[in-house]
Structure formats: structure tokens, C-alpha cells
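Take a look at the structure set out below.
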2 protein chains.
Amino acid sequence: MNVLIVFAHPDPRSLNAALRDAAVAELEAQGHTVRVSDLYAMNWKTTVDHADFPSLGEGERLKVAAASGAAFAADALTDDVKAEQEKLLWADTLILQFPLWWFTMPAILKGWVDRVYAYGLAYGVGEHSDRRWGDRYGEGRFAGKRAMLVVTTGGWAEHYAPRGINGPIDDLLFPINHGILHYPGYDVLPPFVAYRVDRFDEAGFTRAAEGLRERMRTLETTAPIPFRRQNGGDYAIPSLELRPELEAPGASGFALHRT
Amino acid sequence: MNVLIVFAHPDPRSLNAALRDAAVAELEAQGHTVRVSDLYAMNWKTTVDHADFPSLGEGERLKVAAASGAAFAADALTDDVKAEQEKLLWADTLILQFPLWWFTMPAILKGWVDRVYAYGLAYGVGEHSDRRWGDRYGEGRFAGKRAMLVVTTGGWAEHYAPRGINGPIDDLLFPINHGILHYPGYDVLPPFVAYRVDRFDEAGFTRAAEGLRERMRTLETTAPIPFRRQNGGDYAIPSLELRPELEAPGASGFALHRT
């Protein structure tokens, strides 16, 4: 299996980097082929701007979705973006690994999503009409592939528990798991999350690394989060609201979108 | 009143820029003083890296929270970051304005948060012990100030409705409203959200601009989102889990953290 790890930590001697190395070693021991996009090491350009669309005229107004769609269709995106898109098409499984900063990914990784996820590749795919609103949420270019988050946080696990003050970790990660990974078609595995990593001693690191290795060994067999498919009948067309009869009693918020 | 607008759209002729100008004009007409941080125009450095901490030794390992805390305490952060922190301390109200890209803010704005929100300013404030876990979520350096999001999206309002396929907009914005704004103490106003902006005609823009102007006129009187305060007695110490007896029947997810 081909595995792409997109990695976003600024220090090569970090705990995150050590966890990444443990994951890569385990994946290779399992016979998989691994590529790593180490965004800081690549000096990844983080912001979407006019320079991303060389075919756009000098003084032309930048409408991002339109410019992205035109450039993707004409194979006119910049080389750094095309290289990442090629890796996404190559990979059977995508892993995004990052420290949780302000309850989501660091800017450099968000900038990877903003730039690599072109219109025509990750969104704007399929028919958009009164009968259908695209191939997304379980369909799309990456359908049949798997994806997974590997996240570290300095905070306590209890603070991210179902009643924890930060909000439940699965809800905090929903905009990524559902909105960035399930959207273009991935089957999304439950995340691997390591808590209180700032206080890790040797034993803490060993435990976390072993947990991550176990997840790498079971990448192909772990059941994905059961997100509903947009075009599977659960949502009304065209409003794409979940049919009321499918609401579990008492369910609300993001939980509605899991079967 | 002093108002800071942090603005994140790459094109000065965008609908977002026109909405920002409408907001600024209305605020000034109301007698407020307005400053705008136009991140793209400022060529804002987006990624946290070693260069953010000039006092860190060349080959020294970058532990972000520790480096941030040491540099903030020593007044040794970079000038661009210090200028933004000064604006935050000056402003009575903070507005973050951005197009919703992949269900959250564009990378350049996330990079503003990652870099400007130093340890000692926005987190790591107050006593951290078995009895208390900091001044945050309603307390902190920005307590007594107000904050608000102004967001545009190409998607349909229905897709962001309570049962909409993207997830409810209030839940999608929770990691920002609660985790980035309420965390360091802001009272957070309900967001202003404009949907389907890619299809706006003249009338659509006029309606959105008038809605935004109305929100600017009522900045001081609009009731904040009633997020619970961490240290107000609703959460158990030290786990910071919401006391079970405070759960409304059927409530779950982020909704628990509003009274």
C-alpha cells in the first residue's frame, strides 16, 4: 500500500518528528511504501494568492474557486501544488500529522489544504444541479482511499472528553475529518491523539509510539468513522438537510452525520 | 470605542473587501476609531518557526509554548507580532473577517493567531495548579472586551443549518468562537455570516452590506453567546468536565458549553 504522511511541525527534533519516524518505520516494516511531505522542511508556501495562478492576468481580480478551477483544468497550477496533488493520487492512505494549535491544524498545514485542494480535484467535482450537488462527502476523486489524523496536544485528555471544557475531541476534529477528508471521498479512520505531550517522560513517549505503531499495523483493517454519504439517500435534495426521520432521539450537532 | 478588524482576503476588489469597507464606514459614522490589519496587504508571515524567537539559540530545539512564553516575558518577540499584540490591547472590540475556506479560516489568518497569541498573553495566563487551570474561557487578558466573526461562504445556508450536511455553522465556528476568542477572555458576539456569495447580484450585496452595517451599529448592545466561564463553578476541578447535573436533557457536543 502507498502511504502519504503530510507532516507539520517546525522542529526536526520534536516529539512529533520522533512519532512520525516511528510510524514510517512501522509502515515500511509492514511492506508499505511511504512518502512524507515535511511542510516546514519543504519551506511550503502557505498562503493562497495571485501568484498561485500564473495564467491569471496581472491586474485581474482573484476569485479563488474560479481561478483554481480554470488552472486545474488547464494543468496550469504551480509545480509545488502539482507535486502534492500527484502524491495524493498516488497514495492509498493519507495521514495528516500535526500538533493541535488553537484547536485545529497549524497554519502551514491549513495552507497545504487551501492550495493543494483545487476546484476540480477536491471540490467542484460532479454534477451540480437541482437533482445533485456534486460528488462529495463519501464520493469524489479520493473515494476508495483512507485517511487519518495523527494529533498531539499539550492539553489534558479530560479537557477534550465528552463533557470537557474544550469540547469533545471528535467534534473539534469534525471540520477536518468530515469537511476536509470525507468531503473529497476519503474513508476516515478514527484519529490517533496523544495528550499532555509537553509533560512526556521516556515512558510516556514509549507508550504513545507503541500506540501509534499499533494503528499503523491496523491501517487497512480499522473501521472508518461511519459518516453518512451525501448521495446515499439520507439527505433531502437540494437542501441537503438530514431527513428528520433519521435523527436518533436526542442527537444533535455533528453527531447527526454519523450512522 | 476602539475596533480592530483583522481581514484575510487576497483581493482588494473582492466582495469581502467591499463588506469590510462598509463596516469601517459605518463604525466611523458611529464615532468609533477603527484600525484594520489587512493580512495580505501586510504580507503577513504565516508560519510559526525558529525565526519568530530571535533569542533562541541557532541550533536550539524549538518548543513552541516555552519559546513563546520566554520571548513574551522578555519582550523579545518580533516587531510584526508585537505590533499586532499592541493593537489587541488597544481594541475594545476585535473583528475577524474572512471567507470560510474548508470550514475554517484561511491559513494566513490562522498564522496570525498562531503567532500573535503568545504564551503569557493569550494562554498560559494565571495560576495552573490542582485548584485552578489558568485564567481562560471568560477570563484572561482580553476579559471585558468583545469579539465577533464576519464570515462569507459560497455554500448554501441550508447546508449549514442544524441538520445541514456541512454541520451547523455555530458548531463549525465553535473552535474559533470558543477556542480562540472566548479562551483569552473575549465576550463573543454571534457571527455575521453571508451565504452563497459567489452568486451575489447587486441586490444580494446590498442586503448583506446592510445586514453587516446593522451589526456594526449594535456592536455594544448585542448579547454575547452565553458560553460558560471555566472558573464560575460549572466545571469540576481539576478535570474541567462540565458537572453532570448541569446538562440539559438531550444536550451533547458543543452545546453543553452554553448556558
Checklist entry - Along the charge dipole of the stretch B:2-225, which of B:Thr221, B:Ala70, B:Ala25 sits closest to the positive end, that is, farthest toward it, with unit charges on the beta carbon of Lys, Arg, Asp and Glu (+1, +1, -1, -1)? => result B:Thr221
Checklist entry - From a point 7 Å beyond the Cα of A:Asp92 in the direction of its Cβ, which residues of the stretch A:28-70 have a backbone N at a distance under 11 Å? => result A:31-33
Next on the checklist: Are there DSSP H segments in chain B that both extend 20 Å or more along their axis (alpha-carbon positions) and score a mean Kyte-Doolittle hydropathy of at least 0.5? List them, or say none.
Outcome noted: B:15-29
Checklist outcome for this item: Kirkwood Rh over alpha-carbon pairs of the stretch B:2-225 plugged into Stokes-Einstein at 37 °C, 0.692 mPa s gives a D in µm²/s of 178
Checklist entry - How far apart are the A:Asp80 label points across copies, placing each 7 Å from Cα toward Cβ, in nm, shortest first? => result 1.4
Next on the checklist: Students often get this wrong, so check it: of A:Lys87/B:Lys87; A:Lys45/B:Lys82; A:Lys145/B:Lys45; A:Lys82/B:Lys110; A:Lys45/B:Lys63; A:Lys87/B:Lys82, which have C-alpha atoms separated by over 31 Å?
Outcome noted: A:Lys87/B:Lys87; A:Lys145/B:Lys45; A:Lys87/B:Lys82
Item to check | Centre separation in Å (Cα based) which lies between the stretch B:170-234 and the stretch A:39-72 | outcome: 29
Checklist entry - When you take every Cα atom in the stretch B:64-196, what is the radius of gyration, and what is Dmax, the widest Cα pair distance, in Å? => result 16.1, 49
Checklist entry - Shortest first and in nm to one decimal, what separations exist between A:Arg258 and its copies in the other chains, measuring from label points 7 Å along the Cα-to-beta-carbon line? => result 2.2
Checklist entry - So, with +1 on the Cβ of K and R and -1 on the Cβ of D and E, and no other charges, what is the size of the charge dipole of chain A about its Cα centre, to the nearest 20 debye? => result 280
Item to check | Cβ-vector label at 7 Å, A:Ser55, separations to other copies in nm | outcome: 5.1
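Helix-derived [θ] at 222 nm for chain B: sum -39500 (n - 2.57) over DSSP H runs of at least 4, divide by residue count, nearest 500? If you can, show how the numbers build up before the last one.
Details: 6 runs with 67 residues, N = 259.
Using -39500 (n - 2.57) per qualifying helix, the result is -8000 deg cm²/dmol.
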Checklist entry - Which of A:Gln85, A:His50, A:Phe205 sits farthest toward the positive end of the charge dipole of the stretch A:2-225, with +1 on the Cβ of Lys and Arg and -1 on the Cβ of Asp and Glu? => result A:Phe205
Item to check | Longest DSSP-loop-exposure-free segment, GluC sites (Glu not before Pro), chain A, at most 14 other Cβ within 10 Å | outcome: A:128-219
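Sort B:Ser68, B:Ser129 so the one with the fewest other Cβ atoms within 10 Å of its own Cβ comes first. Walk me through the numbers before you get to the answer.
Details: B:Ser68 26, B:Ser129 10.
Exposure proxy ranking, most exposed first: B:Ser129, B:Ser68.
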Item to check | Sparsely packed trypsin sites (Lys or Arg not before Pro) within the stretch A:126-164, loop by DSSP, other Cβ within 10 Å at most 12 | outcome: A:Arg131
Checklist entry - Put +1 on the Cβ of each Lys and Arg and -1 on the Cβ of each Asp and Glu in chain A; which of A:Val36, A:Ala251, A:Pro10 then has its Cα farthest toward the positive end of the dipole? => result A:Ala251
Checklist entry - Dimensions of the protein assembly as shown along principal axes (Cα, Å, largest first)? => result 67, 57, 53
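Can you tell me the dipole magnitude for the protein assembly as shown around its Cα centre, using point charges on the Cβ only (Lys, Arg +1; Asp, Glu -1), in Debye to the nearest 20? Kindly include the intermediate steps, with their values, before the conclusion.
On the way: 54 positive and 68 negative charges, 115 e Å.
Once rounded to the nearest 20, the dipole reads 560 debye.
Here, each number is a calculation from the coordinates, and none is a lab measurement. Quantities reported herein were computed from a predicted structural model and do not represent experimental measurements. Cβ coordinates were reconstructed from backbone atoms using ideal geometry, including for glycine residues, and neighbour counts include every protein chain displayed.
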